[in-house]
Amino acid sequence: DGSELVEVGNYINANYTEPNPDMYGVAKGRNVIIVSLESLQNFVINNEMDGHVITPFLNELTHDKDTFYFNNFYHQTGLGKTSDSEFILENSLHPRNGSAVFFTHSGNTYDSLSERLGENGYFTNVMHANNRSFWNRDIMYNTLGINKFYDVESYEIGEGQAVNWGMKDIPFFEQTVDLMKEMPQPFASRVITLTNHHPFDLDEEDMLIPQYTSNSNTLNKYFQTVRYMDEAVKVFFDDLKEKGLYDNSIIIMYGDHYGISENHNKAMSMYLDKEITPYDNAILQKVPLFVHIPGYGKGKEMDELAGQLDLRPTILHLLGISTKEDMQMGADIFSPDHEPFVIFRDGRFVTDKNVYAQEVCYDNETGEETDSGACEPFIKRTTTELDYSDMIINGDLLRFKEEQTQHPEIKGQQKE
Ligand code: GP9
Ligand code: MN
């Protein structure tokens, strides 16, 4: 009931961090372009495979003056994969354990990023060349208050323009920019790529680097599709510039979840030239995050430890939109008070000092097992936060918040 909302609300209020005044509103009024980079893990950034650069364009962005590149940023998804990353971005809540929240709780009331952007005059939409019912998106996007879903029907897939799961990223981005040209501004578009998806199939002509050689066909092909996606992002930036949409936008890009599962540890161990422990598996859940603000000029590489739940408050604050009243569990990454503590959906966590995985406490610097005392307080906090997040979702608690804000008299009644 409503009293649970009060309990969770107290927890959330206690964790609220003030925005960084230097960053608050720096992208106010701009179009917002959020790119979900399919299965992109951070280990490929500024790295090579057999002497081949894997992500040349993204590497450039890591030292671009208009870009903040976060090299210590984690995905927090569960079984719902891409849809979980969308849920996290929209709500700054944890997804559900053991099932996809897009399927199980698409009828809830949420206080989504899209809804908040809509209230602030944005035309909100998602662009993704797949069937609209995949991951129950058609239903969930309505629930999240997203104005329009540009699904596969909005795209024309010409001869040779599809591979693997569907439309190739390069023609997808090209048509995406054409569609953006027609949108009312300011718009907020979430753009979801697809080519770099398991089993990482490509047409010969799109293979810009060779395959890796290991016992894992998956890892061998992964480098090639990542390289292709990198090229696609470059095309996207070029097109945005060419079509006049670049300067007045902010572009946020992040990896949605891992692409290489623990089943490929042997091959990964060969590539990284080290044994893969549970500590390493946790560290491998890093995905890159880029916050690109054309013309900003003061961007830099950031090693603040953060996760996907932090995206919602970070984005809203960059646009000068307050989140003080919001039921969110992440915090603005740019806030001076942002805490280096990332909780994974499965109960693992990372702090600046430790990594907790398989019920073992590791030293985050050395990767060595360490006294569990250091992890103890964070184990408790992890359980509490995951429980509270589940309480919000399972109890559909945000519907009470809506009643309270829309009908202040109800709030008064509850207080008595
Ligand atoms: C499907 C795409 C991939 O539309 O988002 O989903 P995933 O399998 O990565 O969750
Ligand atoms: Mn995905």
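The values are calculated or read from the model by the stated rules, or taken from the named source; none is laboratory data. The model shown is predicted, which means the values in this text are computed figures rather than measured ones. Glycine gets a Cβ as well: all are built from the backbone with ideal geometry, and neighbour counts include every protein chain shown. For accessibility, only protein heavy atoms count, side chains too; no ligands or nucleic acids. Shrake-Rupley method; radii C 1.70, N 1.55, O 1.52, S 1.80 Å.
Structural remarks
- Odd one out for Phe70 among (1) out of contact with any Gly (no Cβ under 9 Å at 6 or more places or on another chain); (2) at positive phi; (3) in contact (Cβ under 8 Å) with a residue 60 or more places away in the chain: (2)
- Among residues that are touching a residue at least 12 places away in the same chain (Cβ under 8 Å), part of a helix (DSSP H, G or I), of a type in the set (A, V, I, L, M) and buried (at least 18 other Cβ atoms within 10 Å of the Cβ), Leu40 is not included.
- Subset of the range 127-152 that is part of a helix (DSSP H, G or I) and within 14 Å of ligand 1 (Cβ to nearest atom) - its residue that is surrounded by the fewest Cβ atoms within 10 Å (Cβ to Cβ): Asp138
- Against the test of being modelled with pLDDT under 95, open to solvent by 30 Å² or more (accessible area, probe 1.4 Å) and not charged (D, E, K, R), the options Thr370, Thr405, Thr384, Thr366 yield a single qualifying residue, Thr405.
- Among (1) open to solvent by less than 20 Å² (accessible area, probe 1.4 Å); (2) within 16 Å of ligand 1 (Cβ to nearest atom) - the single one Lys221 does not satisfy: (1)
- Once the range 387-402 is narrowed to residues that are farther than 18 Å from Asn97 by Cβ and surrounded by fewer than 18 Cβ atoms within 10 Å (Cβ to Cβ), the residue that is modelled with the highest pLDDT is Arg399.
- Yes/no for Glu90 being charged (D, E, K, R), touching a residue at least 40 places away in the same chain (Cβ under 8 Å), under 29 Å from Gly295 (Cβ atoms) and within 16 Å of ligand 1 (Cβ to nearest atom): yes
- Residues being touching a strand residue (DSSP E or B) at 6+ places or on another chain (Cβ under 6 Å) and open to solvent by 20 Å² or more (accessible area, probe 1.4 Å) - total across the range 111-126: 2
- Helices (runs of 4 or more DSSP H) wholly inside the range 252-359 containing at least 3 residues that are open to solvent by 10 Å² or more (accessible area, probe 1.4 Å): 265-272, 278-283
- Hits in the range 49-83 - residues which are away from ligand 2 (no atom under 16 Å from the Cβ) and assigned to a helix (DSSP H, G or I): Pro56, Phe57, Leu58, Asn59, Glu60, Leu61, Thr62
- Within the range 96-113, being within 16 Å of ligand 2 (Cβ to nearest atom) and touching a Lys or Arg at 6+ places or on another chain (Cβ under 6 Å) holds for no residue.
- Within the range 160-214, tally of residues that are away from ligand 1 (no atom under 16 Å from the Cβ), touching a residue at least 60 places away in the same chain (Cβ under 8 Å) and either buried (at least 17 other Cβ atoms within 10 Å of the Cβ) or outside any loop (DSSP other than H, G, I, E, B) (or both): 12
- Residue match in the range 115-124 (condition: in a loop (DSSP other than H, G, I, E, B) and over 20 Å from Val291 (Cβ atoms)): yes
- When Asn46, Asn20 are checked against the criterion of being away from ligand 2 (no atom under 16 Å from the Cβ), outside any helix (DSSP H, G or I) and within 27 Å of Lys81 (Cβ to Cβ), a single residue qualifies: Asn46.
- Only a single item in (1) within 16 Å of ligand 2 (Cβ to nearest atom); (2) assigned to a loop (DSSP other than H, G, I, E, B); (3) not polar (S, T, N, Q) is not met by Phe87, and it is number (2).
- Residue in the range 103-123 that is closer than 19 Å to Asp256 by Cβ and within 14 Å of ligand 1 (Cβ to nearest atom) present: yes
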